[in-house]
2 protein chains.
Amino acid sequence: MKAFFLGTGAGVPAKLRNVTSIALKLLEERGAIWLFDCGEATQHQILHTSIKPRRIEKVFITHLHGDHLYGLPGFLSSRSFQGGTSPVTVYGPKGLKDYINISLTISQTYLKYPLKIVEIEEGIIFEDDQFTVEAKLLEHGIPSYGYRVVEKNLPGTLMADKLIADGIKPGPIFKRIKAGEAVTLDDGTVIDPARYVGPDQKGRIVTILGDTRICQAAINLAQQADLLIHEATFASGEEEMAYEYFHSTTTQAAEVANQADVHQLCLTHISSRYEPSHWPTLEEEACTLFPRTVIAEDFKEIEVLRR
Amino acid sequence: MKAFFLGTGAGVPAKLRNVTSIALKLLEERGAIWLFDCGEATQHQILHTSIKPRRIEKVFITHLHGDHLYGLPGFLSSRSFQGGTSPVTVYGPKGLKDYINISLTISQTYLKYPLKIVEIEEGIIFEDDQFTVEAKLLEHGIPSYGYRVVEKNLPGTLMADKLIADGIKPGPIFKRIKAGEAVTLDDGTVIDPARYVGPDQKGRIVTILGDTRICQAAINLAQQADLLIHEATFASGEEEMAYEYFHSTTTQAAEVANQADVHQLCLTHISSRYEPSHWPTLEEEACTLFPRTVIAEDFKEIEVLRR
Ligand SMILES: [Zn+2]
Ligand SMILES: [Zn+2]
C-alpha cells in the first residue's frame with residue numbers, strides 16, 4: 001500500500017506542483033489503484049510514472065472545484081482509448097454525474113468499459129471483503145468530503161512448522177486451518193486453529209481529505225490512521241486567511257494529526273505562493289507540533305507499512 | 001503574426017505531443033492572442049511559454065472531441081485566477097455553451113471577466129476593422145469546423161520625404177493624407193493622397209482546420225492562404241484508415257495545399273503511433289507533392305510574413 005502524489009498544488013497548476021491528484025496503490029492488496037481527485041493533466045502526470053490507467057479501479061472526488069476535477073473526462077476517455085476494459089466506479093458529491101455525462105456526451109466519447117458514477121452522502125460508501133471507505137463532510141466553500149480507507153484485518157500467519165511437528169501433513173487442510181476452521185482429522189482429532197495461527201495482521205488506515213478548514217470531522221476521519229493526507233494551503237501564521245478561504249495551515253494540519261493520534265502526516269495542496277526553497281520550512285512548521293510529518297511533492301511516494 | 005503550437009498530437013496526450021491547441025499570436029497587430037482548440041493541459045503548456053493567458057482574447061474550437069476541448073474550463077478558470085479581466089469570446093459548434101456552463105457552474109467558478117460563448121454556423125463568424133474569420137464544416141465524425149482568418153489590407157506607407165520636398169510641413173495633416181483623405185491646404189491646393197501613399201499592404205490569410213478527411217471545404221477555406229494548418233493524423237499510404245477514422249494523411253494535406261495554392265503548409269495532429277525518428281519522413285511525404293511543408297512540434301513557432 002503506497003500513496004503516490006500526482007499533483008500537490010492548490011488552485012492553479014504550477015511547473016513543479018500540478019493540481020490535485022493522489023494515487024493509492026493497492027497493487028499487492030488487490031492488483032488495483034484508487035485515485036483521489038483528478039485535477040487537469042492528471043493523465044499527463046501518469047504518463048511519467050509506472051501507473052497503468054487500466055489498473056485504476058476507483059476514483060474518489062473530494063469536491064467539485066476545478067483543480068480537483070477537470071482532469072476526469074480526459075482520464076476516463078484515454079483509459080478507454082488505451083485499451084482499459086475493466087469497470088471503473090467514480091465516487092463524489094452531487095453534481096458529479098451531470099458533469100461527467102455532459103463531458104462524455106458532448107464529445108461523443110463511448111467508453112469500452114462499464115462506468116459507474118456514485119453521488120455520495122456521508123457514511124460508508126464502499127465495502128468489500130478487503131476494505132471499507134467512509135466519507136464525511138469537511139468545512140469548505142462547497143461540499144468537500146474526506147475519505148477514510150480502512151483495510152480489514154488479515155488472518156495471522158500459519159505456523160506450518162508447528163503443524164508438521166504435531167504430525168499433520170501439509171495439504172489443502174493447511175489452508176482451512178489458516179482460514180480459522182476447526183478441522184476434524186480422520187482419527188477424530190479436532191484441530192484448534194487458534195493454536196496454529198498467529199494473531200490477526202492489523203489492517204491499515206489511510207485518511208485522505210479534500211480541501212478544508214481545520215475541523216472536527218477531519219479529526220474523526222483520521223482517528224488512529226497510519227497515514228493522514230491533509231491539505232496545508234497556507235503557512236503557519238496565516239490562520240486568518242486560511243479561515244477566510246476555507247483552507248488550513250501547516251500547523252492546523254499538525255493539530256489534526258495530533259488530536260487524531262495518527263502515525264504519519266503528509267501535507268499537500270501547497271499554494272504556489274511558496275517557492276521550493278520555502279517547502280522545508282512548511283514541513284518544519286508542522287513537525288514542531290507533530291514530528292512525523294512530510295510535505296508532499298509531485299511524484300513522491302509514501303509507503304504505508306503494517307504496524 | 002505567428003502560429004505557435006501548444007499541442008500537436010492526436011487523440012491522447014503523449015510525452016512529446018500534447019493534445020491539440022494552436023495559438024495565433026497577433027501581438028503586433030492587436031496586442032492579442034487567439035487560441036484554436038484547447039485540449040487538456042493547454043494551460044500547462046502555456047506555463048512553459050511567454051504567452052500570458054490574459055492576452056488571449058478569443059478561443060475558436062474546431063470540434064467537440066475531448067482532445068480539442070477538455071482544457072477549456074481549466075484555462076478559462078485559471079485566466080481569471082491569474083488576474084485576467086478583459087473579455088473573452090469562445091466560438092465553436094453547438095453544445096459548447098452547455099459544456100462550458102456546466103463545467104463552470106458545477107465547480108462554482110466565477111470568472112472576473114465577461115465571457116461570451118458563440119455557437120457558430122457556417123459563414124463569417126467574426127469581423128472588425130482588422131480581421132474577418134470565416135468558418136466552414138469539414139468532414140469528420142462529428143461537426144468539425146475549419147477557420148479562415150483574413151487580415152484586412154493595411155494602407156500603404158506614407159511618402160513623408162516627398163511631401164516635405166513638395167513644401168508640405170509635417171503635422172496632423174500627414175495622418176489624414178495617409179488615411180486617404182484629399183486634404184485642402186490654406187492656399188486652396190488639394191492634395192491627392194494617391195500621390196503620397198504607397199500601395200496597400202496586403203493582409204495575410206491563415207487557415208486552421210479541425211480534424212477532417214480530405215475535402216472540398218478545406219480547399220475552399222485555404223485558397224491562397226499564407227499559411228495552412230492541416231491535420232495529418234496518418235502517414236502516406238494509410239488513406240483507407242484515414243477515411244475510416246475521418247482523418248487525413250500527409251499526402252492528402254499536401255494535395256489540399258496544392259489545390260488551394262497556399263504559400264506554406266504545416267502538418268499537425270500527428271498520431272502517437274509515429275516515433276520522433278519517423279517525423280522527418282512524414283514531412284518529406286508531403287514535401288514530395290508540396291515542397292513548402294513543415295511538420296508541427298509542440299512549442300514550434302511559424303512566422304507568417306507579409307508577401
Ligand atoms: Zn478547493
Ligand atoms: Zn477529433
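So here's what we get for this one:
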| item | result |
| --- | --- |
| Copies compared at A:GLY188 - label distances in nm, ascending, label defined 7 Å from Cα in the Cβ direction | 14.5 |
| DSSP-assigned coil residues among GluC sites (Glu not before Pro) in the range B:65-153, each with at most 15 further Cβ atoms within 10 Å | B:GLU121, B:GLU122 |
| GNM top mover of A:VAL149, A:VAL118, A:VAL190 - chain A, alpha-carbon springs below 10 Å | A:VAL190 |
| Candidates B:THR281, B:THR184, B:THR212: whichever shows maximal mean-square fluctuation once chain B is modelled as a Gaussian network with Cα springs under 10 Å | B:THR184 |
| Under the Karplus curve 6.51 cos²θ - 1.76 cosθ + 1.60, θ = phi - 60°, whole-Hz ³J(HN,Hα) for the range B:111-117, x wherever Gly or Pro sits | 6, 8, 9, x, 10, 10, 10 |
| Helix A:96-106 axis, angle to chain A major axis (alpha carbon atoms, nearest 10°) | 70 |
| Estimated [θ] at 222 nm from DSSP helical runs (n ≥ 4, -39500 (n - 2.57)) normalised by residues in chain B, nearest 500 | -7000 deg cm²/dmol |
| Solvent-accessible surface ranking, highest first, for B:ASP200, B:ASP128 at 1.4 angstrom | B:ASP200, B:ASP128 |
| Cβ-vector label at 7 Å, B:ARG273, separations to other copies in nm | 5.1 |
| A:ILE168 accessible area, assembled protein chains, probe 1.4 Å, Å² | 10 |
| Cut-off under 5 Å, modelled amide H: who pairs with A:VAL90 long-range | A:VAL59, A:LYS116, A:ILE117, A:VAL118 |
| Other copies of A:LEU305: label-to-label distances in nm, shortest first, labels 7 Å along the beta-carbon direction | 6.6 |
| For the range A:55-62, 3J(HN,Hα) per residue [Karplus equation, 6.51 cos²θ - 1.76 cosθ + 1.60, θ = phi - 60°, Hz, x = Gly/Pro] | 7, 6, 9, 9, 10, 10, 9, 6 |
| Overall form of the range B:185-307 per C-alpha gyration tensor (a/c, 1.5; a/b vs b/c) | prolate |
| Proximal charge balance of A:HIS140 [Cβ under 15 Å; K/R count +1, D/E count -1] | -4 |
| Within 10 Å of each Cβ in B:7-14, the average number of Cβ atoms from other chains | 3 |
| For the range B:1-158: rounded, prolate or oblate by the Cα gyration tensor [a/c cutoff 1.5] | rounded |
| Under Karplus coefficients 6.51, -1.76 and 1.60, residue-wise ³J(HN,Hα) of the range B:272-281 in Hz, glycine/proline x | 6, 5, 8, 6, x, 5, 8, 4, x, 5 |
| Length gained when the stretch B:ALA194-B:THR49 is fully extended (0.36 nm per residue, less Cα-Cα span) | 47.9 nm |
| Straight-distance crosslink candidates among lysines, where the alpha carbon sits under 21 Å from B:LYS300 and sequence neighbours closer than 8 are dropped | A:LYS15, B:LYS2, B:LYS15, B:LYS25, B:LYS52, B:LYS58 |
| Closest-to-axis residue of chain A (Cβ criterion, axis taking A to B), whole Å | A:ALA41, 2 |
| Listed residues B:TYR147, B:THR109, B:TRP34: farthest to the positive end of the dipole of the range B:33-192 (Cβ charges) | B:THR109 |
| Spin-label model distance (nm) - A:LEU115 vs A:VAL294, 7 Å beyond Cα toward Cβ | 3.3 |
| Unit charges on C-beta of K, R, D, E only; dipole of chain B, Debye | 1220 |
| Highest-fluctuation residue, A:VAL183, A:VAL90, A:VAL59 considered, GNM on chain A with Cα pairs under 10 Å | A:VAL183 |
| Shielding of B:104-114 by partner chains, average beta-carbon count, 10 Å | 4 |
| Shape call, the protein assembly as shown: gyration tensor on alpha carbons, a/c limit 1.5 | prolate |
| Cβ-Cβ FRET estimate between A:GLU57 and B:THR85, R0 fixed at 51 Å, reported to 0.05 | 0.75 |
| Separation in nanometres of the label points that stand 7 Å from Cα toward Cβ, at A:ASP186 and A:GLN223 | 5.1 |
| Whichever aspartates and glutamates have a C-alpha closer than 19 Å to that of B:LYS97, once near sequence neighbours (fewer than 8 apart) are set aside | A:ASP98, B:ASP37, B:GLU40, B:GLU57, B:ASP67, B:GLU119, B:GLU121, B:GLU122 |
| Per-residue average of Cβ from other chains inside 10 Å of B:81-88 | 1 |
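The values are calculated or read from the model by the stated rules, or taken from the named source; none is laboratory data. No experiment lies behind these values; they were computed from the predicted model shown. Positions of Cβ are generated from backbone atoms using ideal geometry, with glycine treated the same way; all protein chains shown enter the neighbour counts. Please note that ligands, DNA and RNA were not included when accessible areas were found on the heavy atoms of the full protein model with its side chains. Shrake-Rupley method; radii C 1.70, N 1.55, O 1.52, S 1.80 Å.
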